[in-house]
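Reading through the C-alpha cells given below for one structure.
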Amino acid sequence: MTQAMLRPTVPHDWTAAAIGQIDAFLRDVMPAADVDPAPLHAAMTYGVFSGGKRLRPLLCLAAAEAAGDGACKVAEGGDWRRCRAMWPAAAVELVHSYSLIHDDLPCMDDDDFRRGRPSCHRAFGDAIALLAGDALLTMAFSMLSAAEFVASAGVGTAVACVRELSSAAGSLGMVGGQAMELGAVGRGGVSDAAQAVGLIQKLKTGKLFEAAVRMGAIAAGGGGAELEAVTRFAAHFGQAFQIRDDLEDVASQGADAGVLTSVGVLGPEEAGARMRELVVEAGYEAATLGPPAAKLLSILALTFPQVVMNDV
Ligand code: GRG
C-alpha cells in the first residue's frame, strides 16, 4: 500500500452539504423549542444547535458508504436523507449533545462556556440542563426505534444499533470513562497513569466514535471484515482526537494539563508523536476498504490536517 492511497480523493465540501442535511433532519425529528414544556425543549435545542462540528454523524454516514452493501452510496450533491444511516447519525449526535451538557454541569467539569457561548446550565439553570441532557439521551433511542428506520433497515438491524449505542454510551463506555476520570482525579493519581489515561480515553471519547461508524456500517447492511476495519479506524481516530484535545488544552490553558491526560503522562512531544501514529494507523484501516472509504479519509484529513499532509 502506498502513502498516496491514504490521501482523500473526494472534495471536502461534501461535509458541508451533509452537515446541512443532518441539521435539517435533527430539526425535523426534535420537538421545536416552543413546544411545551418550552423551557426544556428550548434547552435541548440550544444544546444541539450551537455550532457543533457534527463529526460523529459525518463518520456514521461515511462508514455507511465505506462498509455498507452499496445502499448508502451518495453521489456528490446527493441526498443523505435517503441513506437510512441518517437515523443512527442523528442518534449519536443526540447522545454527544447530552454528554456535553452534562459534562459542563457544576458537578462535572463546571464549565461556564461551550462553543463560545454560555453552557446550557448557565443559560437555562442546572435543573433544566440536567433534564435536557436526559431527554436527548432518551430521544436518541427513539430515533433507533422509529417506525421509518425499522421499516427500511429491518428489526434486527435496528436492535443491533440500539445495542451498539447503549453499550457505547453506558457504564462500560462513555459514562464509565467519565466515572473513571472523576475517581482517578479524586485519588490524586493511579499506579499506572499511562494505562489509566489510555483506558479513560478509549471509553470516554473512543466508544462513541466506534458506535458512530459501527451503526453506520450496520444500518447500511455491512458486517464482517469491513465492519471490523471501520471499528479499528474509529478506535484510532478517537484516541488521536482526545490527544489533540489534550494538546489544545495545554496550548490554551498553560502547561499544567494534569497527570491524567495524554500530555500529562507522555509530555507534549511524545503525545504529539503518538497522535500522528494513530492518525496514520486510522488512515491505513480506511485505505484497506478502497475507494468507498474516501469520505472516511476526508474526515480524517479535515480533523488532522497537519498530520495527513505531512505524515501520510
Ligand atoms: C457527563 C455523561 C457525561 C459524559 C461525559 C464525552 C464526555 C463524557 C464528555 C465530553 C467532554 C469532553 C471534553 C470529551 C472529550 C471528547 C471531546 C473533545 C468532545 C468534543 O467533541 P467535538 O469536538 O465537539 O466533536 P463539537 O463541539 O464539535 O460537537
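The values are calculated or read from the model by the stated rules, or taken from the named source; none is laboratory data. Fair warning: this is a prediction, and the values are worked out from it, not measured in the lab. Don't worry about glycine lacking a Cβ; one is built from the backbone with ideal geometry, like all the others, and counts go over all protein chains shown.
The table that follows gives values for the structure above.
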quantity: Some residue of region 139-156 being under 24 Å from residue 61 (Cβ atoms) and within 11 Å of the ligand (Cβ to nearest atom); calculated: no
quantity: Subset tally (residues that are free of Cβ contacts under 8 Å to residues at least 60 places away in the same chain, under 18 Å from residue 213 (Cα atoms) and of a type in the set (D, E, K, R)) for region 62-101; calculated: 1
quantity: Among residues of region 36-60, those that are β-branched (Val, Ile, Thr) and near the ligand (Cβ under 10 Å from one of its atoms), counted; calculated: 1
quantity: Residue satisfying all of: in region 102-128; hydrophobic (A, V, I, L, M, F, W, C), in contact (Cβ under 8 Å) with a residue 24 or more places away in the chain and more than 8 Å from the ligand (Cβ to nearest atom); surrounded by the most Cβ atoms within 10 Å (Cβ to Cβ) among these; calculated: 120
quantity: Residue check, residue 227 hydrophobic (A, V, I, L, M, F, W, C) and within 12 Å of the ligand (Cβ to nearest atom); calculated: no
quantity: Region 24-51 residues that are more than 16 Å from residue 120 (Cβ to Cβ), paired with ones that are basic (Lys, Arg) and in a helix (DSSP H, G or I) (beta carbon under 8 Å, 6 or more apart); calculated: 24/81; 25/81
quantity: Residue that is modelled with the lowest pLDDT, among those in region 147-182 that are among the aliphatic types (A, V, I, L, M) and within 16 Å of residue 199 (Cβ to Cβ); calculated: 182
quantity: Matching helices (runs of 4 or more DSSP H) fully within region 20-116 where at least 1 residues are touching a helix residue (DSSP H, G or I) at 6+ places or on another chain (Cβ under 7 Å) and under 26 Å from residue 283 (Cβ atoms); calculated: 55-67, 86-104
quantity: Residue within region 163-186 that is surrounded by 15 or more Cβ atoms within 10 Å (Cβ to Cβ), more than 26 Å from residue 64 (Cα to Cα) and more than 11 Å from the ligand (Cβ to nearest atom) present; calculated: yes
